[in-house]
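What follows is a short report on a single structure.
What follows draws every value from the coordinates through simple rules; no lab data is involved. Small disclaimer: the values here were computed from a predicted structure and weren't measured. Here the Cβ is made from the backbone with ideal geometry for all residues, glycine too, and neighbour counts use every protein chain on show.
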Amino acid sequence: MIQKPHNSKTLPKIKSYKNDLAPICFYFDLFTTPDFQIPVMPLPMRVDKVSNGESTYLILPNFEILSELCDKLNLQVNFKLFYLIGIKNLISYTKQKYNEVTSRKLRRDRIFNWFENSINLHTEIPSLVEDITYLLSEFLLMYSSIKIEGNLEDFEDYKKFLIKFCDNIIIYFKDRLNQNLIKLHENGNLIEKEIYKSKRQKYYPNIIPINVIKRNKKVKTGFIPYLIYDDIIDVFYYNKMILDQNEQELYDLNHWENIGIINNKSNTNNNIMFYNNIHNLNIKRY
């Protein structure tokens, strides 16, 4: 949200709400754009939090499950590089939007503050972990199927795998909304909360309250899971439409191998090690 200046001395800024947990996940997209040449995409695009140096909840998958899947598929995924590229994309996009809104360059200390505050925020939301694990797993399954069974020279053959991938994601997240429950930890207990209220065929997203630890201090925050799920569904409906219409060039799956994110011969220890050391990611050059 853009906060307009009240007088000539007040500078414009991108408004954010400090009590917003602001969950962000990263996923493999199917298309490049001028802004994202390597489509490791953040969702949602929380440029407000990055530009103000405030924390976001970085939703990490269950790396152990992904490692087991990679073993079965004979793949190795460099999750460190995956997240570095995703964070770079988010930072670059934030810089661009911040300049458009304020006509100023985004200060580097705000970017570093955002990252430090985010990696020092701790909470447990099992449903979101499960969801991003599914999203990444389905991509790896699709990638492996194309490499083994597909014909990359035949666009229609190639496309059917991608459309099936989009359908799987849409079905999964629509089912999540239909179930209308999200699991989180509260005071050491696993509880369930409704994602939305419905009345007369209209949906009213709930703000889910949750305690988090920020730099060793307990803080009460809230988030709106409905918006996350709705965004993911919209993205994959859009991707499916683009595939059907052949309107945009696909990101060549071979590029993931060329840049070193996905390769043959999985290494489980690398994935677990990264999970335990996410705070060691170096974003200073971004």
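Residue under question is Tyr203, and the condition is that it be on the phi < 0 side of the Ramachandran plot, assigned to a strand (DSSP E or B) and of a type in the set (Phe, Trp, Tyr); does it hold?
So Tyr203 passes the test.
Can you name every one of the helices (runs of 4 or more DSSP H) wholly within the range 19-121 that holds 1 or more residues which are more than 24 Å from Met142 (Cβ to Cβ)?
In the range 19-121, 47-51, 79-102, 108-119 are the helices (runs of 4 or more DSSP H) which contain 1 or more residues that are more than 24 Å from Met142 (Cβ to Cβ).
Write out, first by first residue and then by second, each pair whose Cβ atoms fall under 8 Å of each other, whose residues are 6+ apart or on separate chains, and whose first residue, in the range 84-95, is touching a residue at least 60 places away in the same chain (Cβ under 8 Å) and within 15 Å of Ser51 (Cβ to Cβ) while the second is β-branched (Val, Ile, Thr) and not in a helix (DSSP H, G or I).
Ile87/Ile283; Leu90/Ile24; Ile91/Ile283
Report yes if some residue within the range 170-193 is among the hydrophobic types (A, V, I, L, M, F, W, C), in contact (Cβ under 8 Å) with a residue 60 or more places away in the chain and farther than 21 Å from Pro61 by Cβ; otherwise report no.
Looking through the range 170-193, none of the residues is among the hydrophobic types (A, V, I, L, M, F, W, C), in contact (Cβ under 8 Å) with a residue 60 or more places away in the chain and farther than 21 Å from Pro61 by Cβ.
Can you find even one residue in the range 189-199 that is loosely packed, with under 14 Cβ neighbours inside 10 Å and either in a helix (DSSP H, G or I) or under 22 Å from the mean Cα position of the chain (by Cα) (or both)?
No, there is no match, as no residue in the range 189-199 is loosely packed, with under 14 Cβ neighbours inside 10 Å and either in a helix (DSSP H, G or I) or under 22 Å from the mean Cα position of the chain (by Cα) (or both).
Quick check on my filter: what residues within the range 207-237 are over 19 Å from Glu130 (Cα atoms) and either loosely packed, with under 13 Cβ neighbours inside 10 Å or out of contact with any Leu (no Cβ under 9 Å at 6 or more places or on another chain) (or both)?
Ile207, Pro209, Asn211, Ile213, Arg215, Asn216, Lys217, Lys218, Lys220, Asp234, Tyr237
Do you know which residues across the range 225-264 are touching a residue at least 40 places away in the same chain (Cβ under 8 Å) and of a type in the set (Phe, Trp, Tyr)?
Tyr226, Tyr229, Phe236, Tyr237, Tyr251, Trp256
Determine whether the range 142-150 contains at least one residue that is within 28 Å of Leu21 (Cβ to Cβ), out of contact with any Gly (no Cβ under 7 Å at 6 or more places or on another chain) and among the hydrophobic types (A, V, I, L, M, F, W, C).
No, the range 142-150 contains no residue that is within 28 Å of Leu21 (Cβ to Cβ), out of contact with any Gly (no Cβ under 7 Å at 6 or more places or on another chain) and among the hydrophobic types (A, V, I, L, M, F, W, C).
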